[in-house]
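Read-outs throughout are calculated quantities, based only on the coordinates presented, and are distinct from any laboratory measurement. Just so you know, these numbers come straight off a predicted model, no measurement behind them. Cβ: placed from backbone, ideal geometry, glycine included. Neighbour counts: every protein chain shown.
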Amino acid sequence: MVVSIHPVKSPRIISWGESVFDTFAEALEMENVVLEDGDVVSITSKVFTMQQKSAVLLDDVKPTIEARELAIEASLDPRVAQLIIDESKGEIIGSVFHAVLAKTPYGLSANAGIDLSNCPEGYALLLPREPDKEAVIFRDKIKERYGVTVAVIITDSRTIPLRRGTTAVAIGIAGMEPIIDERGNKDLYGYTMSISSRAIADNVANCTNLVMGETDEQIPFAVARGIEYKQSTDMTMLTALMPEDQCLYFAPLMKLIAQK
């Protein structure tokens, strides 16, 4: 299998309420990228946040006592701490300097996915609402305009426990199964795999993140070609979540917190 990743630079910074798809179509033409059946189109979540205007004016946020305490603990703006509490529905695990580990519908993340970078001054960007739905709409528009069948991934940044730096994960998908179940398969020595599965959507998100970047690259789109995946029209990223008591990181962490 040979995989290629094509960065698709946006002609401009996507502004409030601007159509992500229209910008993508314009970018494809400028970059001379032609979509093919089986491609995976990867899109950063921030541009959907801008399209949805899913942001909060910080001056409108009124921090509670709980938020002020969390802000002191993590050295954050109390207004940001309040948004983290709101977005995670209070499921706060702990914090370090400038970062709070919070649980959201998409799993564990720093600051519940709230971002102050790459957004207008005085605002905080939230995660886009219903990213799976946005991915489906985007995929359908590609089919309608270009006549090709692709998969779509909406990505967001994450950290790996005890490792420096950020990676990327998928928080919304359309047209593909996010997990390849390897249970029952044999390894090189004939042993039967009992718990292994591959996070194919997250792996693709990581690959495309290599060319999309995290700062001022202005590359919110990428096209991955040559990826082997199972097509599906009814899978969402929520189907990739696992029960808390089966998670290698979350379950022991909760036991440790309970003991203390």
For the chain, calculate the relative contact order in percent as a whole number, restricting contacts to Cα pairs under 8 Å that are 6 or more residues apart. 24
Can you work out ³J(HN,Hα) from phi for every residue in the stretch 253-258, in order, using Karplus 6.51 cos²θ - 1.76 cosθ + 1.60 and θ = phi - 60°, giving whole Hz and x for Gly and Pro? 4, 5, 5, 5, 5, 5
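Give the calculated FRET efficiency between CYS119 and GLN259 to the nearest 0.05, with a Förster radius of 35 Å applied to their Cβ-Cβ distance.
Working: r = 40 Å, r/R0 = 1.13.
The formula returns an efficiency of 0.30 here.
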Each label point is 7 Å from the Cα along the Cα-to-Cβ direction; what then is the distance between the points at LEU248 and LYS133, in nm? 3.5
Longer than 26 Å from Cα to Cα, which of LYS53/LYS89; LYS9/LYS133; LYS89/LYS230; LYS103/LYS143; LYS46/LYS141 are they? Say none if no pair is. LYS89/LYS230; LYS103/LYS143
Enumerate by residue number the chymotrypsin sites (Phe, Trp or Tyr not before Pro) in the stretch 94-167 meeting two conditions: DSSP loop (anything except H, G, I, E, B), and at most 13 other Cβ atoms within 10 Å of the site's Cβ. PHE97
Exposure proxy check on ASP132, ASP245: fewest-to-most Cβ neighbours within 10 Å is ASP245, ASP132
Say the dipole of the chain comes from +1 at the beta carbon of Lys and Arg and -1 at that of Asp and Glu; which of GLN82, PHE250, ALA224 then lies farthest toward its positive end? PHE250
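Would you kindly state how much longer the chain becomes between ARG68 and ILE160 on full extension, computed as 0.36 nm times their sequence separation minus their alpha carbon distance, in nm to one decimal?
Values: separation 92, 0.36 × 92 = 33.12 nm, distance 2.73 nm.
Gain in length upon complete extension: 30.4 nm.
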Give the dimensionless ratio obtained when the Cα radius of gyration of the chain is divided by 2.2 N^0.38 Å. 1.06
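Using unit Cβ charges (K, R positive; D, E negative) and no other charged atoms, how large, in debye to the nearest 20, is the dipole of the stretch 55-126 about its Cα centre? Could you put the intermediate results ahead of the total?
Values: 5 positive and 11 negative charges, 30 e Å.
About 140 debye.
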Extension length gain for SER197 and GLU18 (0.36 nm per residue less Cα distance), in nm, is 60.7 nm
So how far, in whole Å, is the C-alpha centre of the stretch 153-181 from the one of the stretch 63-100? 24
